[in-house]
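The values are calculated or read from the model by the stated rules, or taken from the named source; none is laboratory data. Since the structure is predicted, the reported quantities are computational estimates derived from the model, not experimental observations. All Cβ positions, even for glycine, are placed from backbone atoms using ideal geometry, and neighbour counts span all protein chains on display.
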């Protein structure tokens with residue numbers, strides 16, 4: 001498999017995993033695929049997501065790539081898996097572990113084409129939503145397919161990680177082969193953005209976990225060069241509770257009402273983010289009032 005610009009090694013999709021020696025990677029316009037091993041009990045995103053899946057579940061896995069997680073779901077957890085993968089070549093690697101496999105994008109596949117018998121106990125979006133033009137549409141599409149006691153699991157990179165902020169403070173925003181600035185990422189999220197995305201898509205976030213990685217352990221390998229660097233990193237540690245959050249791990253269920261979805265946003269934000277939310281909602285109310293006023297209609 002040749003990648004654009006020649007043959008490359010696969011970068012570890014999750015820090016702490018070794019490079020896969022001499023393994024080639026194909027990059028496509030809408031993505032790339034990786035192969036990796038999921039270590040039970042590890043603190044990586046795949047391990048945390050799979051720990052939330054009950055044995056024997058009916059699973060819809062969106063963006064299964066070559067099937068690293070699909071294999072565990074099928075062979076070790078006894079799940080029945082329906083999977084979606086945009087890259088035809090990667091999909092063939094995952095096919096042996098799937099009851100049904102659709103090749104295409106979740107953004108273009110119709111919801112009716114995803115329904116195979118009973119509703120799903122679990123829908124998994126592992127590092128997928130940041131690659132989509134409109135992740136809300138995808139989340140809304142699969143929501144009716146989730147069983148009454150089912151859930152959606154997702155892992156999403158955190159754009160406010162101290163390592164990335166430190167890079168920008170030094171005038172750098174360079175896309176990488178993998179990680180927080182993966183070249184195929186087109187959407188970026190902080191804690192508030194994650195919760196807001198699920199609220200707007202009609203979900204209640206039951207659980208919000210984190211994959212914690214120190215700045216020096218990320219792909220940026222942040223090492224302070226002087227006292228100024230140390231002051232900046234220490235300041236970010238004090239001010240940003242998510243400064244060491246590499247990915248958010250979400251367990252969400254379809255919300256029964258809009259207020260049900262909003263309740264997750266109220267209680268899972270930091271105090272500073274909570275104040276910003278209250279301010280935003282206040283502004284929304286003012287705008288709604290203005291839209292119905294004579295001033296908004298241009299009538300004196």
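Some observations on this one:
- For residue 181, the stated conditions do not hold, so it cannot be described as in the same structural domain as residue 246 (by TED's automatic domain parsing) and in contact with a strand residue (DSSP E or B) (Cβ under 8 Å, 6 or more places away or on another chain).
- Residue count for region 201-237 under the criterion of being assigned to a loop (DSSP other than H, G, I, E, B), touching a helix residue (DSSP H, G or I) at 6+ places or on another chain (Cβ under 7 Å) and at negative phi: the result is 6.
- A Cβ distance below 8 Å, combined with a sequence gap of six or more or placement on separate chains, defines the contacts here; from region 93-113, residues that are on the phi > 0 side of the Ramachandran plot reach residues that are surrounded by 15 or more Cβ atoms within 10 Å (Cβ to Cβ) and outside any loop (DSSP other than H, G, I, E, B) in the pairs 104/84.
- Residue check, residue 124 part of a strand (DSSP E or B) and under 17 Å from residue 53 (Cα atoms): yes
- Scanning region 138-170 for residues that are farther than 23 Å from residue 58 by Cβ and exposed (fewer than 15 other Cβ atoms within 10 Å of the Cβ) returns 168, 169, 170.
- Looking at 222, 194, 205, just one residue is surrounded by 16 or more Cβ atoms within 10 Å (Cβ to Cβ) and either closer than 20 Å to residue 237 by Cβ or not assigned by TED's automatic domain parsing to the domain that holds residue 259 (or both), and that residue is 222.
Table: residues versus (1) surrounded by fewer than 18 Cβ atoms within 10 Å (Cβ to Cβ); (2) over 20 Å from residue 148 (Cβ atoms); (3) not assigned by TED's automatic domain parsing to the domain that holds residue 147.
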site: 66; (1), (2), (3): no, yes, no
site: 70; (1), (2), (3): no, yes, no
site: 92; (1), (2), (3): yes, yes, no
site: 106; (1), (2), (3): no, yes, no
site: 113; (1), (2), (3): yes, yes, no
site: 117; (1), (2), (3): yes, no, no
site: 127; (1), (2), (3): no, yes, no
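- Qualifying residues in region 247-257 (those that are assigned to a strand (DSSP E or B) and in contact with a helix residue (DSSP H, G or I) (Cβ under 8 Å, 6 or more places away or on another chain)) - the one farthest from residue 53 (Cα to Cα): 247
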